[in-house]
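K.L.:
Input: one structure, supplied below.
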Ligand SMILES: Cc1cc2nc3c(=O)[nH]c(=O)nc-3n(C[C@H](O)[C@H](O)[C@H](O)COP(=O)(O)OP(=O)(O)OC[C@H]3O[C@@H](n4cnc5c(N)ncnc54)[C@H](O)[C@@H]3O)c2cc1C
Ligand SMILES: *[C@@H]1O[C@H](CO)[C@@H](O)[C@H](O)[C@H]1NC(C)=O
Ligand SMILES: *[C@@H]1O[C@H](CO)[C@@H](O)[C@H](O)[C@H]1NC(C)=O
Ligand SMILES: *[C@@H]1O[C@H](CO)[C@@H](O)[C@H](O)[C@H]1NC(C)=O
């Protein structure tokens, strides 16, 4: 039996785990992580499906397209399924706005999301949106706080097991597992550091304003302002602070987010702040999706790396995890060539 360990229980680890169960039938799959569910970065993400090739630096555009198309197909199929209330996907109309034309003209948007349309200056005036350029479309929002527990249930139902611990040294895994899928995002300080990983802190506010039912993403300057409706609140952001590893909530930053938000969408001002959150986008240019054969103490460890999804982890996770599962299957075929996988 092929033994597979997945390091990481964020959205990338969980989607990799269920895809490996499918690609290597009969494999013994274990998720090893030191943070689960609400403690992960993934749990706090707004979950807006926003395919922006510019944010996936160093990857050929046609590869990004395949990844985000696969994610789109999967998330929209969940949104349209009877299980949608549990999986956490919803189709939501909204706007992308900017004073920079190229930020709203994006080929991935135009060809993937539903009903893409550029807004005219007149549209913008009638909507009272204070931007020079804009587009409207229907996209899918994924609520990680529903999707992640759903993936975990599915994983366990299919025989998956879970270990709660920090992977300190890789020798812990060699011998015990045949294949390791590395979804450790920023990873831990104990593991051999990948120096191309960097942090981009993001802070956001949870506002109860159930009358807001559209998403807005305003991306002109370094600091984006966005509104992502979830079931219980609107996720209002944000910040993009490169090199900041702290997840402290800064009150002045929160005030600034709410001020910007109120200027763009005055109807948010009548809402009530019910929470706040900060997380670190685990960034790498390019994100790492590849196989690596390690030899540790004479034992072979076949690794598939799947980390560094930065600002786009929800948008990229399903597509990249399908590829990672395919790579794991190639490793499995090498181990047991006779097995008909
Ligand atoms: C404010 C903010 C808003 C965002 N909004 C969006 C959005 O709207 N749309 C979108 O697509 N993306 C969004 N993102 C990005 C998204 O959250 C990330 O890209 C995604 O969560 C990365 O997932 P991950 O599974 O790689 O990492 P994580 O969720 O960080 O998971 C990493 C896992 O690895 C484990 N781990 C690491 N090292 C070890 C070790 N040594 N031993 C054991 N376990 C280990 C951890 O315990 C954890 O389980 C947002 C991010 C932030 C910060
Ligand atoms: C406009 O956006 C594009 C891509 O999003 C970026 O490369 C460019 O630097 C931006 N221009 C300005 C003036 O901000
Ligand atoms: C997994 O990725 C991390 C970076 O997040 C790296 O430091 C670590 O060496 C990798 N682990 C394996 C098993 O290759
Ligand atoms: C990082 O964020 C913390 C608060 O979480 C803040 O005090 C600090 O000034 C920031 N550091 C940098 C380098 O921006």
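K.L.:
Multiply the residue separation of residue 272 and residue 123 by 0.36 nm, subtract the distance between their alpha-carbon atoms, and state the gained length in nm to one decimal.
P.N.:
In short, 50.7 nm is gained.
K.L.:
For the chain, taking Cα atoms only, what is the radius of gyration to one decimal and the Dmax to the nearest whole Å?
P.N.:
20.4, 69
K.L.:
Now for a separate question. Considering the chain as a Gaussian network with a 10 Å cut-off on Cα pairs, which listed residue, 152, 80, 96, attains the greatest mean-square fluctuation?
P.N.:
80
K.L.:
Can you give me the angle between helix 144-157 and the longest principal axis of the chain, using Cα atoms only, in degrees from 0 to 90, rounded to the nearest 10?
P.N.:
That helix lies at roughly 20 degrees to the long axis.
K.L.:
Still on this structure, I have one more. Among 49, 74, 226, which one shows the biggest mean-square fluctuation in a GNM of the chain, springs joining Cα atoms closer than 10 Å?
P.N.:
74
K.L.:
Same structure, new question: Round to a whole angstrom and tell me the spacing of the C-alpha centers of the stretch 139-177 and the stretch 67-122.
P.N.:
27
K.L.:
Can you pull the one-decimal nm distance between simple spin-label points at residue 326 and residue 110, each 7 Å off the Cα toward Cβ?
P.N.:
2.6
K.L.:
Return the FRET efficiency for the residue pair residue 28, residue 222: r is the Cβ-Cβ distance, R0 is 45 Å, and the value is rounded to the nearest 0.05.
P.N.:
For R0 = 45 Å, the calculated efficiency reads 0.45.
K.L.:
I've got another one for you. What's the angle, to the nearest 10 degrees (0 to 90), between helix 11-23's Cα axis and the longest principal axis of the chain?
P.N.:
50
K.L.:
Can you give the FRET efficiency for residue 334 and residue 195, using 1/(1 + (r/R0)^6), R0 = 30 Å, r = Cβ-Cβ distance, to the nearest 0.05?
P.N.:
0.50
K.L.:
Need the full-extension length gain, residue 86 to residue 35, defined as separation in residues times 0.36 nm minus the C-alpha distance. One decimal, nm.
P.N.:
16.2 nm
K.L.:
If you don't mind, there's one more thing I want to ask. Would you mind computing, in nm to one decimal, how far apart the modelled labels at residue 247 and residue 171 are, each placed 7 Å from Cα along Cα→Cβ?
P.N.:
3.1
K.L.:
Taking only Cα atoms, what is the 0 to 90° angle, nearest 10, from helix 313-335's long axis to the longest principal axis of the chain?
P.N.:
Here the helix axis deviates by roughly 10 degrees.
K.L.:
Return the single residue from 303, 18, 274 with maximal mean-square fluctuation; model: Gaussian network over the chain, springs between Cα atoms under 10 Å.
P.N.:
Judging by the Gaussian network model, the answer is 274.
K.L.:
Can you tell me which of 230-238, 203-211, 246-254, 315-323 comes out highest on packing, and rank the rest after it, using the mean Cβ neighbours within 10 Å?
P.N.:
Ranked by mean Cβ neighbours within 10 Å, highest first: 315-323, 230-238, 203-211, 246-254.
Where a number appears in this text, it was derived from the coordinates with a stated rule and is not lab data. Bear in mind that the values here come from a model prediction, so they are computed numbers and not experimental data. With ideal geometry, Cβ positions are generated from the backbone for all residues, glycine too; neighbour counts draw on all protein chains shown.
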